[in-house]
1. Take Asp113 and Val179, extend 7 Å from each Cα along the Cα→Cβ direction, and tell me the distance between the two endpoints in nm.
2. With a 1.4 Å probe and all protein chains left in place, how much of the accessible area of the range 101-184 comes from carbon and sulfur atoms, in whole percent?
3. At 7 Å along the Cα-to-beta-carbon direction for both Ala240 and Asn294, put a label point, then send me their distance in nm to one decimal.
4. How much net charge surrounds Val141 when only the other residues with a Cβ under 13 Å from the Cβ of Val141 are counted, with Lys and Arg +1 and Asp and Glu -1?
5. What's the ranking of 135-146, 206-217 by average number of surrounding C-beta atoms within 10 Å, highest first?
6. Subtracting the Cα-Cα distance from 0.36 nm times the residue separation, let me have the gained length for Ala77 to Arg189 in nm, one decimal.
7. Is the range 109-250 best put as rounded, prolate or oblate by its Cα gyration tensor, with a ≥ b ≥ c the root eigenvalues, rounded for a/c under 1.5, and otherwise prolate when a/b is larger than b/c, oblate when not?
8. Please list 3J(HN,Hα) in residue order for the range 150-161, calculated via the Karplus relation 6.51 cos²θ - 1.76 cosθ + 1.60 where θ = phi - 60°; whole Hz, with x for glycine and proline.
Amino acid sequence: MSLSWPWALLALLAIPLVIAAWWWTRRRRRRGAVRVTSIALVRASLPGRTRWRRLIPTALLLLGLAVLGVGAARPQATVPVPSSSGTIMLALDVSGSMCSTDVRPNRITAAQDAAGAFIKSEAGGPRIGLVAFAGTAGVLVTPTTDQGALRHALSGLSTSRGTAIGQGILTSLDAIAQVDPSVAPTGARPASAHGDAHDVIVVLTDGSNNAGVDPQTAARQAAARGVRVFTIGFGTTNPAPLVCSGSQFGGFGGSGYGGGYGGGFSGRNPLVADYGALRQIASTTGGKFYRAQNADQLKAALGNLSGRFTIIREHLDLAAWFAGFGGLFIAAALALSLWWNRTRPSSSQVSLVQRGGP
């Protein structure tokens, strides 16, 4: 729970003032006490009350003042709420290593099938956009609810040289900014983000970044805009032949490509995702990292993410509840005080009435 106006807690100073006033009143009453010769007569004329009954109204009054004081500070609770108004950007790796056959029939086909199943499961929900990245990144489909356009774009994926994970994140951010005014584009200064935004990015990759902007820099850009990035490291560590269909093979070309994988890996296996970097991206943005070594695990990872996309965390103002309960406690204190201090005939008075006396 957080407080919007913490300085309003100064209102709680009223509690010690009330206690001091109560103590001072009791002290003055003791000084002005009148001596009588018969304690029994005084007791008979007073309504019988136990000590705890005398303290209950005071305790309720102090509790009510405390609750009202906290309510004045505008307490807020962060609660998970469902949302279907956001945007999901699928950023898919289409580097040459996606032709690896360690996942049958190959990685890119398994990714197309899993992404297609995920898009179908989100029908009627948030907008979905599609970004493909290799050495550079590009928007294939702007955020939309048109599932036909998304499936058509998926079927046309083709591989290319390089792996620009950071650029894929920034391109996804710009695509979100085009449809969500609350998200600033990457060239503008973002407003302060409070909690989780309604928009998320899913990065599916089987390699490590070797082109474009550093992924951690891109992750900080997303975090500054309140956009969560969920990462999926795809593929196994087992070497396998690279086999793509004619439509999936986009042509690598260029000199120094390093056998079809691309250079700049600094000794890393180009067929293995950089799991540490992907975990860091997710951690920086408040997302989550998943590892998928086969097609079933990839579909399960995307299926698990679906529930996380539609649940965001928002701040619920609790001031009205505190005001209501504080007023209730004070009203109860006054009611009990009036009821227990009402004028009632003593036993001696009842006896006189029964005897016909004055």
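The values are calculated or read from the model by the stated rules, or taken from the named source; none is laboratory data. Note that the structure is a prediction, hence the values are computed from the model and not measured. Methodologically, a virtual Cβ is constructed for each residue, glycine included, from the backbone with ideal geometry; neighbour enumeration extends over all protein chains shown. The accessibility values were calculated without ligands, DNA or RNA, using every heavy atom of the protein model including side chains. Shrake-Rupley method; radii C 1.70, N 1.55, O 1.52, S 1.80 Å.
1. Simple spin-label model gives 2.7 nm for this pair.
2. Here carbon and sulfur together make up 49 percent of the probe-accessible area.
3. 1.0 nm
4. Values: positive: Arg127, Arg151; negative: Asp146.
That sum, taken over residues with Cβ under 13 Å, equals +1.
5. Working: 135-146: 17.3, 206-217: 20.9.
Answer by packing, highest mean first, reads 206-217, 135-146.
6. Details: separation 112, 0.36 × 112 = 40.32 nm, distance 2.84 nm.
Result: 37.5 nm gained on full extension.
7. It comes out oblate by the Cα gyration axes.
8. So the Karplus estimates, Gly and Pro as x, are 5, 5, 5, 5, 4, 5, x, 5, 9, 7, 8, 8 Hz.
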